[in-house]
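Just so it is clear, none of the values below were taken in a lab; they were calculated from the coordinates. Keep in mind it's a predicted model, so treat the numbers as computed, not measured. Cβ placement follows ideal geometry from the backbone for every residue including glycine, while neighbour counts extend to all protein chains displayed.
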């Protein structure tokens, strides 16, 4: 992290190219945060522009026709992901009840389902996979066996798609100018998504339902 920070600060002292500077500022924030230096991380984060001043937002009033359509659709899908991220951070900021967490996570899942209503989720299967795993944990805290198993099955369906990811195009009217590529798909862990889910299912929170037939049959069938 120290080497990364030193290199970033060298670039920032010399670079006058805005997009490069913003990318390096972002890396610097993450590096200081990783080190646990919240004060420095915040100092560098404050140098970044407000989201209303970003290229993606400002260009919407400049472009026309096909270019505008492509950018607006890209932004719509990105905003859903950003809301997903923001809700996740919100739930980390204070103590919420399992019921409140379920409501929050399911609200985000509904956003994905509203804008990608034909279930052609592309890269967004990753967000939905995580959402349904989190929802399952919270339903397990409430000892609701039916909804726990249902959430795990939904997580399994998204995991299956992610482990067999194929290139394609979005088909929702909110995203049909966008594509997703198998070559551009990546993850920051070595295990498969199925393995990740199975590891999650080993959590003791699921012990109350572990011996049921419904739990044992999670993931059966074709997706």
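Please determine whether any residue of the range 4-22 is assigned to a loop (DSSP other than H, G, I, E, B) and either in contact with a helix residue (DSSP H, G or I) (Cβ under 9 Å, 6 or more places away or on another chain) or buried (at least 16 other Cβ atoms within 10 Å of the Cβ) (or both). Yes, the range 4-22 contains at least one residue that is assigned to a loop (DSSP other than H, G, I, E, B) and either in contact with a helix residue (DSSP H, G or I) (Cβ under 9 Å, 6 or more places away or on another chain) or buried (at least 16 other Cβ atoms within 10 Å of the Cβ) (or both). If the condition is being over 30 Å from residue 67 (Cβ atoms), part of a helix (DSSP H, G or I) and without any contact (Cβ under 8 Å) to a residue 24 or more places away in the chain, then the range 29-56 contributes 29, 30, 33, 38, 39, 40, 41, 42, 43, 44, 45. If you check every pair at least six apart or on different chains, which have Cβ atoms under 6 Å apart with a residue in the range 111-132 that is without any contact (Cβ under 8 Å) to a residue 60 or more places away in the chain first and a residue that is in a loop (DSSP other than H, G, I, E, B) and crowded, with 21+ Cβ neighbours inside 10 Å second? Close Cβ pairs satisfying both conditions: 120/170; 122/170.
Answer yes or no: is there a residue in the range 77-93 that is surrounded by fewer than 18 Cβ atoms within 10 Å (Cβ to Cβ) and farther than 25 Å from residue 52 by Cα. No. When the range 13-60 is filtered for residues that are more than 25 Å from residue 78 (Cα to Cα) and over 24 Å from the mean Cα position of the chain (by Cα), the ones remaining, listed by number, are 13, 14, 15, 16, 37, 39, 40, 43.
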